[in-house]
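The values are calculated or read from the model by the stated rules, or taken from the named source; none is laboratory data. Predicted model only: the values in this text are computed from it and were never measured. Glycine gets a Cβ as well: all are built from the backbone with ideal geometry, and neighbour counts include every protein chain shown.
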Amino acid sequence: MSSLVPRLTHLPEWKQDAVIAIGTWVLGLLVYLSGMQVLLNGRDDTPLWIRLTELTVLCGLGMLRRKVPLGLLCALVVVGVDVALGTSLPIILVFTDFLYATTLYGSRRVSRVMIGVAALGTLAVVGLALLMSSQWRTAILAAFSLLPFLITPVWWAATVRQQRDVADTERANAVQLATIGELDRRASVAGERSKMARDLHDVIAGHLSAIAIQSEAALSMAEADPKLSRTVLESVRENSVSALEEMRAMIGLLRADPSTGDPEIEPTAPPRLAELSKLVESARASGLAVEVVSAVDETPPLPAAVDLTAYRIAQEALTNAAKHAAGGRAVLGIRVHGGILTVEVRNDLRPGSGSGDDGGTGLGLLTMRERAAAVGGVLAAGPSGGGWLVRAELPLEGS
């Protein structure tokens, strides 16, 4: 029996109504055959075939129970005939299903009307029983015997409808939350991809560009100055190792998933301004005369995000300077004043070298501006005094 109800709920609506109609007809037939169809004291003189005809018609109208209010109106006609012949229990029982279906499947307005009808019908039944009976106790007993057939189906349907509405609302909220979660996930993925693109650009454009410049310089001076050539090649090796370490750290972050059982890759600490000397030496090995006008050791402890951003901006600016001002001069300035970390890279430009960006693609300046904006700072780059100036101002608080 416990598995029968779920099976019925998965049937089409017309099949569910057919099962209900057949079940109530069989139940009504048993009541008529047992002679318990009389609600009040007295005999039922109506022939059985008439009662069964009424029952058959009313159960057949059960296929219209979801058609509100057509089903209820048609059922009222049969109930009226039954009351005229003498109210019988099976007809009233079947009619309660129409009250239930009208309250449950009708519109919100119809449902509220049915609740009002049940309340007024209760008073009407009690009043009518008092008027038609000479003994008030008998009238009250008769009224209370009829009230459950009117109040119970309407109350039950209203409760089921309320729970169904709550479930629909919760389901809609769950769908909305799932949609919002998916949008947040996509935004996070897009942000992470943008961040990875910046990091990859910094690693590849910084280290590999320095390697290309230094390799060219080493080849040109291999015979003229073997000692200097060796120094340049050592810088090439250092840039290669640094690039591999940073790429390895990034791949390790992408592959990190304890559930897959992959071997853990020891993370590499992100570079900071304390390692700025490596950038300076790499730029000098590329043939750029770099002057540092302020030391990083003089600055107070910096937030990690600001520290990394300043390092990457200095790295990108020096790489571009080595491209466009090879053999020239660059000045790197780093200072803290009023809660602002300022990074400046000023370099000379050779005639016809164009902007200080990486190859004129605009990607270098774009990534530097994005990094500065990510920590609440600003970055400006452009011609200045016959050279090229990159200036970034990064706030130390609230970054």
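Can you find a residue in the stretch 116-125 that is of a type in the set (G, A, S) and modelled with pLDDT of 85 or more? No, every residue in the stretch 116-125 fails to be of a type in the set (G, A, S) and modelled with pLDDT of 85 or more. The criterion of at least 2 residues that are of a type in the set (G, A, S) and modelled with pLDDT of 80 or more is met, among strands (runs of 3 or more DSSP E) falling completely within the stretch 279-379, by 329-337.
Report, by residue number, each residue of the stretch 61-84 that is under 20 Å from L48 (Cβ atoms) and surrounded by 16 or more Cβ atoms within 10 Å (Cβ to Cβ). Those that are under 20 Å from L48 (Cβ atoms) and surrounded by 16 or more Cβ atoms within 10 Å (Cβ to Cβ): V78, V79, D82.
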